[in-house]
Every structure is written in structure tokens, then in C-alpha cells.
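**Student:** Here it is: the structure, laid out below.
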There are 2 protein chains.
Amino acid sequence: MEAVAEQVFVALADPSRRSILAALASGGPATATDLANRLPITRQAIAKHLTLLTDAGLVTPEHGERRRVRFRLHSAPMQVAQQFLAAMARDWDSRLDALKDHLER
Amino acid sequence: MEAVAEQVFVALADPSRRSILAALASGGPATATDLANRLPITRQAIAKHLTLLTDAGLVTPEHGERRRVRFRLHSAPMQVAQQFLAAMARDWDSRLDALKDHLER
DNA sequence: GCTTGACGCAACCCGAGAGTTGCAATATGT
DNA sequence: ACATATTGCAACTCTCGGGTTGCGTCAAGC
């Protein structure tokens, strides 16, 4: 679970990757060349990002006709990362509360 | 809000920074030299990470006695990032639902 | 059969960031 | 007064990742 969350953080830390995800979210599943037409970077750079996003589980490749590969969004890893963030914040706040209780005692 | 979330993602993408946050979470507020004793990296490297974490709002410096500066965790930006993730996942899923509805019609 | 468009792979460039070493300043203890 | 400890700043190295260029390959259309 922590490994998935880390991959999601790494993926979302890059602005180009966020642009790719935003393009997929607004325009639906698309290929690397489609994204290259919409974004100011090369198809190969987008392909690299897509492999990283695929490893993170944020995107799944779908082999279609005419050797085209369309990529579709997958939100499950983001929910895992969200749970991870929630647990982390809860942990921190519980420590703060414990310290506060200790000082008040 | 998106800027805060991005800073949190960048901060959590680095394993050293996660180690620092984990050390602060388990051991309470500490100085850079304290963290340097617990972690396998130099104090200066930790200091750089702490400035980045301070810019992200995840940590706040507290000037104490004897020129010591202790850093305390702050969970608010993580909750903002969590909200951001939730909104993003909700956006993706709503698009999937809209597409499904369109296909079923 | 030949062109056209799309994908994959490999090599290369380059800037950013993670880490270290070194030093100056400052404050505390004896 | 002097030694010790801690912080901040600056310069340097070096690896890694984002990006490009180039080429080979494979499927479809004419």
C-alpha cells in the first residue's frame, strides 16, 4: 500500500504527468500521439510518462485496431494514496493530541 | 489549493523526506542535528529538506533557547492534498460514469 | 508494391536536485 | 578567555530524470 502511494506521489509530482492525466480526464482515453498533438512535448516523452503511469496503475493500456494503443484512466491507486494521506495525517494529529494530553496532565 | 497539493506531492515523492517526516512523527519535534544523528544523511542535507518541507507547510520551525531550532509537524497541507486527490478521483469516475451512460443510451 | 502513419527502442543532452565538504558566526559552559 | 557545540551559507560533485533526435518496424490504404 505504501509502495502504491509512493508511486502515485512520484507520478503527480511532475507537471507534465499532471497535464497528461488532465488531458485524459477531459478528453477521455487517448493514444500517445493524440496526447502529443495536444501537449507541447514529444510523443516519446509522453510514452515514457505513460509507462511510468502504467507502472503506478494510474493508467491502463488498451490495444485496439490498427496497432493503436489507447490509455484509460484508473482511479484506484489515487484512492489508495488518499487513504495513505488520511492515515498519515491522523497519525500526526494523534501524536499532537497525546503530547497535549501529556502537557495538560 | 492545487499549488499546495503539488508541493505536498513533491515533498512526499522523496524517500529521504519521508524518513524525516517519519522520524518527526515517531520522535516528536526535533532539530536538524537530532535528525542527522538518527538518519544516515548529513545535517546540511536534512536542513535543505527541512526548508523545502517548511515551504510546503508540512513543518514549522520553532526558535528555542541556545540558538536551537526545532521543527514541528503540521498536517493541514496533507489534508488539502487529500481533498485534492479525492476531487481528482471523483472527477475521473464521473467521466467514466458519463461515458457509460452515453454507451447505454 | 509502395507509401503513409503510428508505435517501440536506443542513444544522447542537459538541467535540477540530492548529498557532501568546508568555513564563518554565534552562543553556551568552564 | 577559551573550548565546544550548533546553526547558516556557499561551492562543488554526481547521479537521475525529463526531453529530444533518429531509426527500424509493422499495419492499413491506395
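**Student:** Name the residues in the range B:1-24 that are modelled with pLDDT of 95 or more, among the small types (Gly, Ala, Ser) and surrounded by fewer than 16 Cβ atoms within 10 Å (Cβ to Cβ), would you?
**Tutor:** The answer is B:Ser16, B:Ala22.
**Student:** Within the set of pairs 6 or more residues apart or between chains, which connect a residue that is under 14 Å from B:Leu52 (Cβ atoms) and more than 8 Å from every other protein chain (Cβ to nearest Cβ) inside the range B:1-29 to a residue that is β-branched (Val, Ile, Thr) and part of a helix (DSSP H, G or I) with Cβ atoms less than 7 Å apart?
**Tutor:** Cβ pairs passing all conditions: B:Val4/B:Val80; B:Ile20/B:Ile46.
**Student:** Look through A:Leu50, A:Leu85, A:Leu58 and report the one residue that is within 10 Å of DNA strand C (Cβ to nearest atom) and within 17 Å of the chain's Cα centre (by Cα).
**Tutor:** Working: A:Leu85 fails: within 10 Å of DNA strand C (Cβ to nearest atom); A:Leu58 fails: within 10 Å of DNA strand C (Cβ to nearest atom).
Sole residue among the options that is within 10 Å of DNA strand C (Cβ to nearest atom) and within 17 Å of the chain's Cα centre (by Cα): A:Leu50.
**Student:** Considering each residue of the range B:2-13, count those that are within 13 Å of DNA strand D (Cβ to nearest atom) and in contact with a helix residue (DSSP H, G or I) (Cβ under 6 Å, 6 or more places away or on another chain), and give that number. Give the derivation first.
**Tutor:** Of all residues in the range B:2-13, those within 13 Å of DNA strand D (Cβ to nearest atom) come to B:9-10, B:13.
From the residues that got through so far, the ones that are in contact with a helix residue (DSSP H, G or I) (Cβ under 6 Å, 6 or more places away or on another chain) too are B:9, B:13.
Residues in the range B:2-13 being within 13 Å of DNA strand D (Cβ to nearest atom) and in contact with a helix residue (DSSP H, G or I) (Cβ under 6 Å, 6 or more places away or on another chain): 2 in total.
**Student:** On the basis of being in contact with a Lys or Arg (Cβ under 6 Å, 6 or more places away or on another chain) and more than 18 Å from A:Ala5 (Cβ to Cβ), does B:Pro29 make the cut?
**Tutor:** Working: in contact with a Lys or Arg (Cβ under 6 Å, 6 or more places away or on another chain): yes; more than 18 Å from A:Ala5 (Cβ to Cβ): yes.
Here the answer is yes, as B:Pro29 does meet what is asked.
**Student:** Continuing with this model, one more query. Looking only at the range A:38-47, which residues are assigned to a helix (DSSP H, G or I) and either of a type in the set (A, V, I, L, M) or near DNA strand D (Cβ under 6 Å from one of its atoms) (or both)? Even if it seems obvious, please write down each step before you answer.
**Tutor:** Filtering the range A:38-47 down to residues assigned to a helix (DSSP H, G or I) leaves A:38, A:43-47.
Answer for the range A:38-47, where residues must be assigned to a helix (DSSP H, G or I) and either of a type in the set (A, V, I, L, M) or near DNA strand D (Cβ under 6 Å from one of its atoms) (or both): A:Gln44, A:Ala45, A:Ile46, A:Ala47.
**Student:** For the condition modelled with pLDDT of 95 or more, surrounded by fewer than 19 Cβ atoms within 10 Å (Cβ to Cβ), more than 9 Å from chain B (Cβ to nearest Cβ) and touching a helix residue (DSSP H, G or I) at 6+ places or on another chain (Cβ under 9 Å), what is the one hit in A:Thr42, A:Thr54? Outline the logic, then answer.
**Tutor:** On the way: A:Thr54 fails: touching a helix residue (DSSP H, G or I) at 6+ places or on another chain (Cβ under 9 Å).
Being modelled with pLDDT of 95 or more, surrounded by fewer than 19 Cβ atoms within 10 Å (Cβ to Cβ), more than 9 Å from chain B (Cβ to nearest Cβ) and touching a helix residue (DSSP H, G or I) at 6+ places or on another chain (Cβ under 9 Å) holds for just one of A:Thr42, A:Thr54, which is A:Thr42.
**Student:** Just to be sure I understand, how many residues within the range A:61-76 are outside any helix (DSSP H, G or I), over 25 Å from B:Glu6 (Cβ atoms) and more than 9 Å from DNA strand C (Cβ to nearest atom)? Let's see the steps before the verdict.
**Tutor:** Narrowing the range A:61-76 to residues outside any helix (DSSP H, G or I): A:61-64, A:68-75.
Now drop any that are not over 25 Å from B:Glu6 (Cβ atoms), which leaves A:61-64, A:68-70.
After this cut, where a residue has to be more than 9 Å from DNA strand C (Cβ to nearest atom) as well, the list is A:62.
Total meeting the criteria: 1.
**Student:** Would a scan of the range A:72-85 turn up a residue that is within 14 Å of chain B (Cβ to nearest Cβ) and touching a Pro at 6+ places or on another chain (Cβ under 8 Å)? Talk me through it step by step, then tell me what you get.
**Tutor:** The initial filter retains those residues of the range A:72-85 that are within 14 Å of chain B (Cβ to nearest Cβ), namely A:72-85.
Imposing the further condition that a residue be touching a Pro at 6+ places or on another chain (Cβ under 8 Å) reduces the set to A:72-73.
Yes: the range A:72-85 contains one or more residues that are within 14 Å of chain B (Cβ to nearest Cβ) and touching a Pro at 6+ places or on another chain (Cβ under 8 Å).
**Student:** For the structure I just gave you, tell me whether A:Val69 is of a type outside the set (Ser, Thr, Tyr) and within 14 Å of another protein chain (Cβ to nearest Cβ).
**Tutor:** On the way: of a type outside the set (Ser, Thr, Tyr): yes; within 14 Å of another protein chain (Cβ to nearest Cβ): no.
Spelling it out, it is not the case that A:Val69 is of a type outside the set (Ser, Thr, Tyr) and within 14 Å of another protein chain (Cβ to nearest Cβ).
**Student:** Let me ask you something else. Please find, among B:Leu50, B:Leu35, the residue that is more than 20 Å from B:Val8 (Cα to Cα), part of a helix (DSSP H, G or I), without any contact (Cβ under 8 Å) to a residue 40 or more places away in the chain and near DNA strand D (Cβ under 10 Å from one of its atoms).
**Tutor:** Numbers: B:Leu50 fails: more than 20 Å from B:Val8 (Cα to Cα).
Going through B:Leu50, B:Leu35 in turn, the sole match is B:Leu35.
**Student:** How about the range B:14-32: which of its residues are assigned to a loop (DSSP other than H, G, I, E, B) and near DNA strand D (Cβ under 9 Å from one of its atoms)? Talk me through it step by step, then tell me what you get.
**Tutor:** Keep residues of the range B:14-32 that are assigned to a loop (DSSP other than H, G, I, E, B), which gives B:14, B:28-29, B:31.
Correct list: B:Thr31 only.
**Student:** With respect to A:Arg70, determine if the residue is at pLDDT 95 or above, touching a strand residue (DSSP E or B) at 6+ places or on another chain (Cβ under 8 Å) and surrounded by fewer than 18 Cβ atoms within 10 Å (Cβ to Cβ).
**Tutor:** On the way: at pLDDT 95 or above: yes; touching a strand residue (DSSP E or B) at 6+ places or on another chain (Cβ under 8 Å): yes; surrounded by fewer than 18 Cβ atoms within 10 Å (Cβ to Cβ): yes.
When the stated conditions are applied, A:Arg70 passes them.
The values are calculated or read from the model by the stated rules, or taken from the named source; none is laboratory data. Source: prediction; values computed, not measured. Note that each Cβ is placed from the backbone with ideal geometry, even for glycine, and that neighbours are counted across all protein chains shown.
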